[in-house]
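These notes are about the structure you will find just below.
The values are calculated or read from the model by the stated rules, or taken from the named source; none is laboratory data. The shown structure was predicted, so the numbers you read here are calculated from the model rather than taken from an experiment. Here the Cβ positions follow ideal geometry from the backbone for every residue, glycine too, while neighbour counts run over all protein chains shown. Protein only, heavy atoms only, side chains kept; ligands, DNA and RNA dropped before computing areas. Shrake-Rupley method; radii C 1.70, N 1.55, O 1.52, S 1.80 Å.
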Amino acid sequence: MPPAGVSWQTPLHTLWHKQAHRLKLHRTNSTREKLQMHHLIKQLPRAIIIGVRKGGTRALLEMLSLHPAVVKASQEVHFFDNDQNYARGIDWYREKMPFSFPHQITIEKSPAYFITEEVPERIFKMNSSIKLLVIVREPTTRAVSDYTQVLEGKERKNKTYDKFEELVIDTNTCEVNTKYKAVRTSIYTKYLEHWLKYFPVEQFHVVDGDRLIIDPLPELKLVEHFLNLPSKISHYNLYFNATRGFFCLRYNFIFNKCLAGSKGRIHPDVDPSIKEKLQHFFYPFNQKFYQITGRTFNWP
Ligand SMILES: Nc1ncnc2c1ncn2[C@@H]1O[C@H](COP(=O)(O)OS(=O)(=O)O)[C@@H](OP(=O)(O)O)[C@H]1O
């Protein structure tokens, strides 16, 4: 019989992580040697989910890691966007990666990469042929999601925070406030154009974050294809959890996992006229984004 918590369907690499963790062997050099003997190594990512914040980056990473050839960095590493981390060097970054077999692809996600100016050049210096995943949502919804996260943080600290409507509109001009970060981050084309100074458009794959919420499998199939992976993630790996209101993950017939409660917050109601104003504002940027990426969305 397999040990408790483990089934025969558990991928081999998961078993190795569990075993190494249980024995705390990962702390010793000899473990590294042992793992290397079994061809387990730490590899730099061959694909990165570079953003966008609140686009569904966590769900995408977790869902992709259902694939037997994908291994994920569990935490956001913030190597390329954080000067202090970047100064620690590439070996520090590699060390943050999980053990994997040579044929597997390591993926990490740090949504701040997409909007941080220095990041494209730094990633290019590491690997100019890396694959880049960008998951986007309808820009106004993403901005509200971004706001909701900050609002929750303020409320936790018993602090007050302006209403969304007050932040997105410049009180002097009555126009959309482009200084507000939640607005700026949703101007996807602005950031993408900067990335395109370093990488050809073929190295990016745009994921529809709104569709990943309601019907994830077709989006995951597109990503598998982009990563040149055989199609392995199936509807057996995903099930809709009515209580949670989202798709959750099924690793095998024993392990099920939904994302943390911080994913899928209830958004505050937004004044429809403000919503419309924002949608009108984002419209030309969206058109440009569709034109560049070749992926069109039905955003208003
Ligand atoms: N399966 C599943 N379960 C839970 N949540 C899901 C799922 N798929 C996508 N999402 C959406 O992911 C949104 C959070 O996006 P990110 O993970 O990119 O957020 S973050 O930038 O890392 O904070 C989060 O946004 P909000 O709903 O606004 O909270 C979710 O709607």
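Per residue, the chain exposes 53 Å² of solvent-accessible protein surface, assessed with a 1.4 angstrom probe and all protein chains in place. Taking GluC sites (Glu not before Pro) in DSSP loop conformation with at most 16 other Cβ atoms inside 10 Å as exposed sites, the chain has its longest uninterrupted site-free stretch at 176-300.
Dividing the summed -39500 (n - 2.57) terms of all DSSP H runs of n ≥ 4 by the residue count of the chain sets its mean residue ellipticity at 222 nm at -11500 deg cm²/dmol. Highest GNM mean-square fluctuation among THR148, THR160, THR116, for the chain modelled with Cα contacts below 10 Å: THR160.
So, taking all protein chains as they sit and a 1.4 Å probe, how much accessible area belongs to MET126, in Å² rounded to tens? Accessible surface of MET126 is approximately 40 Å². Across the range 102-116, rounded Karplus estimates of 3J(HN,Hα) from the backbone phi angles (6.51 cos²θ - 1.76 cosθ + 1.60, θ = phi - 60°) give x, 6, 8, 9, 8, 10, 10, 9, 9, x, 5, 4, 4, 9, 9 Hz, Gly and Pro being marked x. Test of understanding: given the chain, find the longest segment containing no trypsin sites (Lys or Arg not before Pro) that are in a DSSP loop and have at most 10 other Cβ atoms within 10 Å. The reported range is 25-156. For the chain, DSSP calls about 40 percent of its internal beta bridges antiparallel. Largest mean-square fluctuation among ILE107, ILE187, ILE169, in a Gaussian network model of the chain whose springs join Cα atoms under 10 Å apart, belongs to ILE169. Counted residue by residue at 0.36 nm each, then reduced by the alpha carbon distance between them, the extension gain from ALA87 to SER129 reaches 12.9 nm.
To put it simply, the accessible area of the chain at a 1.4 Å probe is 53 percent carbon and sulfur. Separation of the range 43-102 from the range 276-300 is 28 Å, based on Cα centroids.
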